[in-house]
Every structure is written in C-alpha cells, then in structure tokens.
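Structure, as structure tokens:
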Amino acid sequence: MPTTPDKRFIEALDTKAGAGRRIRFWLRDDDAVEPSDKLTRFLDGAGQHAIPALLAVIPQETGEALQSCLTSFGADRVRVAVHGWSHQNHAAPGEKKQELGLHRPMKTVLAELEAGLNKLACLYGEQCIPMLVPPWNRIDPALVDPLSAIGYRALSTFHDKKSGWKASHALPFHETHVDIINWKAGSIGRPSDALFNEMTGLIQSSGSDEVIGILTHHLVHDDQATGFLSRLFEITTSHAACHWIDPATLIKS
C-alpha cells in the first residue's frame, strides 16, 4: 500500500528526531474583527492540543466584543497582533492589493499604524504583542524602518522567493510558510495531501531548530481546512521533533 502524504510527513519528522533536531511551529490567523462561531471553532481546535495562536486583528472596526471573547481564552492560548488599520486597499487599479504602500503620504500610513497598536494594546494588555501583520502580506520597504519609532518590534509576512530585501532592515521579520487556503480557487481549503507534501518538503530542507509558520484565515475555513489542521495538530503535538511556540516568544526582549 502506498505511503500517504501525512505518513511521509511523520517519517520526515522521525528523521529529524533521530538526528537530534527539532522543528518549532507557530500559528497565525488573520482578519479577526469580531467574535464568531468560526473563530471559536478555530480557537477551540487549537486549544484542544494546547497550541497557542496569534490573531492578526484589524483595529479600525474591532472593539470590546472581540476583546471579551479573546480575554476569556487567556494570553497563554491567544495573542493579538496588528493587522494594518482598516484592511483597505489603496493600490491603483491593476496593482496588487495593498494597504501599507506609498499610495498615501507616509505620515498618514504610520499614524494609522500607531493608532492601531495603541488601540489593541489598550484593549488587550499583555495579550497584544507589538508585531505588525501587513494586510495581504505586503508592505512598502520604505515603511519598515520607521515602525520601531512608533512601537513595533517585529513584522510578520508570508515567505516568498523575493524576500531577501527583508534582511536589510533592523526590524525582525517572522514569516509564515504554509497558507492552508487556496484563494484563487474561491477561498477554499487546500487538499490535505498537497499541504502535507509541502510540509514534508519544508521539514526535509530545514536546519536545526527551524521555525515554520502556519497561516490560517478562520473566516473562510471549510471542512477541508479544519480537517487538515486537526490532523496536523494531532501529529505535531505528539511527536518528539515538534514544538508549538507562544508567538510572544518571537518578540525579542
């Protein structure tokens, strides 16, 4: 019987464990604004395996309803980061969507990001970490260095082959590597087999104590997305080569 992709993933983890190496995982979920059944289902699924999640919250429209919901989970289960200000596209027609570009004055963009961090810090206290998650994972490089002056200590985007420019900035980037949603096919969950094959490739090419970020969007999770996460959590929380980290540890003291 052929080996299934999830079994090959386990075999890759076994190889890491045999070499005395460990893979650290972290979980980032985008676009939170208000409580919902989908959000609760996502957080409960992670919580069943004691996996902490980082929620990228859109500051402009969020408020006490979401704060009350997330506070009930506790800081050890849920952290909050800043997901732009309004998640509004300011790019010109024909350009890729972007909120954090130079389509508006830099002063305006930075003022919104400062307001967003202040708002979430007031709402969440220690649950909020000073990390910026740019909407659509895009930010103009010219905006990166000024972020530290308004309180940010890290950024999180999605890994891409042209990410070398990030190393030229002092502010740390913490990338996500696996997006479980197929956006081009109508915002549906990607097949588990494809995701486990991708994860296996990452494991096999990773170095010692590698950090791999998993990107989710609870608002569009279907049965396929939920099923993959359940199986991933089951495998990784019981394997000696794996450790899910508190996203707050990504922020250097």
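Laid out as a table, the results:
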{"item": "For the chain, convex hull volume per residue from C-alpha positions, Å³", "result": "137"}
{"item": "Estimated vicinal HN-Hα couplings, Hz - the stretch 183-191 in sequence order (Karplus 6.51, -1.76, 1.60; Gly, Pro = x)", "result": "6, 5, 8, x, 6, 10, x, 6, x"}
{"item": "For the stretch 131-239, size of Cβ-based charge dipole, Lys and Arg +1, Asp and Glu -1, in debye", "result": "280"}
{"item": "Gaussian network model of the chain, Cα within-10 Å springs - most flexible of P52, P105, P191", "result": "P105"}
{"item": "Under-5 Å amide H pairs with I23, H placed in peptide plane, nonlocal only", "result": "C242, H243"}
{"item": "Antiparallel content of DSSP bridges confined to the chain, in %, to 5", "result": "5"}
{"item": "Positive dipole terminus of the chain, leading residue within F233, A65, M106 (C-beta point charges)", "result": "M106"}
{"item": "Rounded to whole Hz, the Karplus (6.51, -1.76, 1.60) HN-Hα couplings of the stretch 129-139, x for glycine and proline", "result": "10, x, 10, 9, 10, x, x, 6, 6, 10, 8"}
{"item": "Per residue, in Å², the accessible surface of the stretch 68-201 once ligands and nucleic acids are set aside, probe 1.4 Å", "result": "46"}
{"item": "Whole-angstrom Cα spans of the stretch 43-125 along principal axes, big to small", "result": "43, 27, 17"}
{"item": "Cut-off under 5 Å, modelled amide H: who pairs with V78 long-range", "result": "A53"}
{"item": "Long-range HN-HN contacts of D179 with modeled amide H, under 5 Å", "result": "L215"}
{"item": "Shape category assigned to the stretch 67-109 from the gyration tensor of Cα positions, a/c cut at 1.5", "result": "prolate"}
{"item": "Residue with peak Gaussian network fluctuation, the chain [Cα springs, cutoff 10 Å], from I212, I129, I235", "result": "I235"}
{"item": "Accessible surface of the chain, 1.4 Å probe, proportion on carbon and sulfur as whole %", "result": "51"}
{"item": "Charge dipole (debye, nearest 20) of the chain; +1 at Cβ of Lys and Arg, -1 at Cβ of Asp and Glu", "result": "600"}
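The values are calculated or read from the model by the stated rules, or taken from the named source; none is laboratory data. The model shown is predicted, which means the values in this text are computed figures rather than measured ones. Here the Cβ is made from the backbone with ideal geometry for all residues, glycine too, and neighbour counts use every protein chain on show. Calculation scope for accessible area: heavy atoms of the full protein, side chains included, ligands and nucleic acids excluded. Shrake-Rupley method; radii C 1.70, N 1.55, O 1.52, S 1.80 Å.
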